[in-house]
1. Give the residues of the stretch A:136-161 that are more than 7 Å from chain B (Cβ to nearest Cβ) and either in a helix (DSSP H, G or I) or under 18 Å from residue B:198 (Cα atoms) (or both), sorted by residue number.
2. Any idea which of (1) more than 7 Å from chain A (Cβ to nearest Cβ); (2) modelled with pLDDT of 95 or more is the one residue B:172 doesn't satisfy?
3. Within the stretch B:628-660, how many residues are touching a strand residue (DSSP E or B) at 6+ places or on another chain (Cβ under 9 Å) and part of a loop (DSSP other than H, G, I, E, B)?
4. Looking at the stretch B:40-53, which of its residues are more than 14 Å from every other protein chain (Cβ to nearest Cβ) and touching a residue at least 24 places away in the same chain (Cβ under 8 Å)?
5. So which residues in the stretch B:474-523 are out of contact with any strand residue (DSSP E or B) (no Cβ under 9 Å at 6 or more places or on another chain) and within 14 Å of chain A (Cβ to nearest Cβ), if there are any at all?
6. Considering only the stretch A:189-213, how many residues are at the interface with chain B (Cβ under 10 Å from one of its Cβ atoms) and crowded, with 24+ Cβ neighbours inside 10 Å?
7. Find the helices (runs of 4 or more DSSP H) located wholly in the stretch B:1-106 whose residues include 3 or more that are in contact with a strand residue (DSSP E or B) (Cβ under 9 Å, 6 or more places away or on another chain) and at pLDDT 95 or above, and list them.
8. Filter the stretch B:293-319 down to the residues that are assigned to a loop (DSSP other than H, G, I, E, B), surrounded by 13 or more Cβ atoms within 10 Å (Cβ to Cβ) and either within 14 Å of chain A (Cβ to nearest Cβ) or free of Cβ contacts under 8 Å to residues at least 24 places away in the same chain (or both) and list them by number.
């Protein structure tokens, strides 16, 4: 297969950046999108040009490293799949493909298609955990958790932290990311002790990082490769209201 | 030759592959107690550091996979000052995240007769009696606490309807001791450790440097004193000092180019530690995983694993007629050869990985392979779907079926999967003592980066167990014993050792950048991978290994002349990162070949074709090879020195490993 690629090139955070057009030929239909970029990069290197920088690692859809904005969609034309799990057979031979980085103010461009997503780590730092020190846990079966609850918590915990939800959102909101963690932990008995401060701190950090507000368009859940359901956001809203409107049961 | 340690004359039979034998390793710090109380007694004997002093001690942790993140979090909780370096853009991306199937623990929740002893025995037998008894026993012992801790972190393990934890079977065990989170166990365990680490970051006990790659280890007077790191965004080189350095940098399966490892996984930190004097143990012990999606073309950048858990319900077969052109569903039952069930009736499809991989190779070599290349076998779920229904199978393997279909365009609901072995895990790694310390004082290696627990073959669902055992429950105890001696050491990066390491690192960068050739790094990497896969993969023999080492040397020679790495060192340059890693892989490949050549026996993953039974089962030689081969670097032009650590079996009797 043959493609014309319009790719965002940007040397570093200071550079304004621009699109460049490349032709790539003899791409097998079985190649993944990233393997197509590998083919392009090999060609560029042989021609003495600088290859296109893009993030990737596991190439099986779980590490959350890759993230390209392809033809105006986060992770490309298919719903609920990472860029690395997108295959060239999903494109038309001869098609022009536009490739950009995930765009959001809290995701500054590092180079070309690589962005800094450490803002998401800082949201987790604000409270996306159960405060349990190693060595202090009771026996794993001492606290039964109904299977449907564990399964639901897993659906939320499955988030891979790729940031597609932010890129897909017209407000660049990190709501689905934040909500996935809040919903996961608020469902489980282990998450109860810190339920209230967790949601308040994580939402505050999300705002501080400069992510936009959620207007419930649901664009995030369409792209989310981990298929985190939109109910996460409803849960976060409920948790937030509960924490702000109801009196703190543990306050003096 | 100008070497310092005591060496015997050259002990090789080939003039191409040479090494020398050094002193055996006698002090592995294993205490002399009864096996079941060894770890408890040992912990009681370790020195402690008081809380107010822990704050004064700095520890560098390199890598934040299961081992690194769990160690960093636990060390932070203890009050040490922890600096974590990861080359990823976040500590949540390490390749542990991709582990699918599960984590073993001797909980015996099933009432099926499991115990610490049985997990220990299965693991040591699974490793074909090439692991240290004491380490493996301790691993089995702490396995139960890992599950407790992970549940307390809020990891949503699979559960039964009664609300208690579910388990399933894995290869090499006749018990159901594998805990899991659908097909994403590694992800969930890693996110648990990652969250625990982020909590320590928030508390100010740990600092994570993302996009920072460690390019050298600084050793002063036999002690690890820090690292040289490159900021991958700006290209700046930094010196970082600490009271101890922990390498949790994973395995080196990517030396083969095609593997199930993530693309960035590399050997640089462990290899550089080796070049600074740390012993590298059993480098040729590489696990080749039986159930991966077969390669389809040259362009392919990696191989995708299909979890071993699939062998719980999937049956492996090939057509009884070689080259049978019919699609699988048209081949009647009696014309299907369930070769694993026939050859290994007591374990059936759940034989350990090395055995399943070799069997797949054997039937394909015999011409029974399927698919366009003839290098694949079927993994068929139709029986299980009939027996259990779609819903149950979906619950167990839904995401794996989807992944398979996405990649191949074929649905495992309709047609059997096609699978073939692929490089997956490295049992070899830095040599460590019972305290997980390398032979360099203050330098630790944990998780896949060390060699310690899996012998010549790792059982499924044991990598997650080992990574977390090392990080949560072993290192936090043992490192204190060393740090207690370092309390009054003032750290400085203005020393000759730091200066040298920084200069040498910069020279390495310059060297790969100066190549003015026309070949890409990947071209060299692919060529290297092919040499190793052909001669140091599923089967090895002396003449193939001799050929391989010559080819690797030639390739390495050409690399610096003919490679082209665009850009500079003072910017974000992914191709430069790759070039440095491949340069180290080339050196490592040589040591792997030497190790495979020197071990004149077959054991676990290491099948030397000269040493096998007529049925193709490995022939172990306990008389001569019941030892860990720990290699010491002696310089560019010098052969490596082999230190043998004898494997003493006090509690189990090495037997012929049979799964028949």
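1. A:142, A:148, A:149, A:151, A:152, A:155, A:156, A:159, A:160, listed by residue number.
2. Tallying (1) more than 7 Å from chain A (Cβ to nearest Cβ); (2) modelled with pLDDT of 95 or more, residue B:172 fails exactly one: (2).
3. Residues that pass the stated criteria total 7.
4. Within the stretch B:40-53, B:42, B:46, B:47, B:48, B:49, B:53 meet the criteria.
5. B:474, B:476, B:477, B:480, B:513, B:522
6. Qualifying residue count, the stretch A:189-213: 0.
7. Working: elements: B:35-45, B:51-54, B:66-78.
Once the helices (runs of 4 or more DSSP H) in the stretch B:1-106 are filtered for at least 3 residues that are in contact with a strand residue (DSSP E or B) (Cβ under 9 Å, 6 or more places away or on another chain) and at pLDDT 95 or above, what remains is B:66-78.
8. B:293, B:294, B:295, B:296, B:299, B:300, B:301, B:302, B:303, B:304, B:306, B:307, listed by residue number.
The values are calculated or read from the model by the stated rules, or taken from the named source; none is laboratory data. The model shown is predicted, which means the values in this text are computed figures rather than measured ones. No Cβ is skipped: glycine too gets one built from the backbone with ideal geometry, and neighbour counts run over all protein chains shown.
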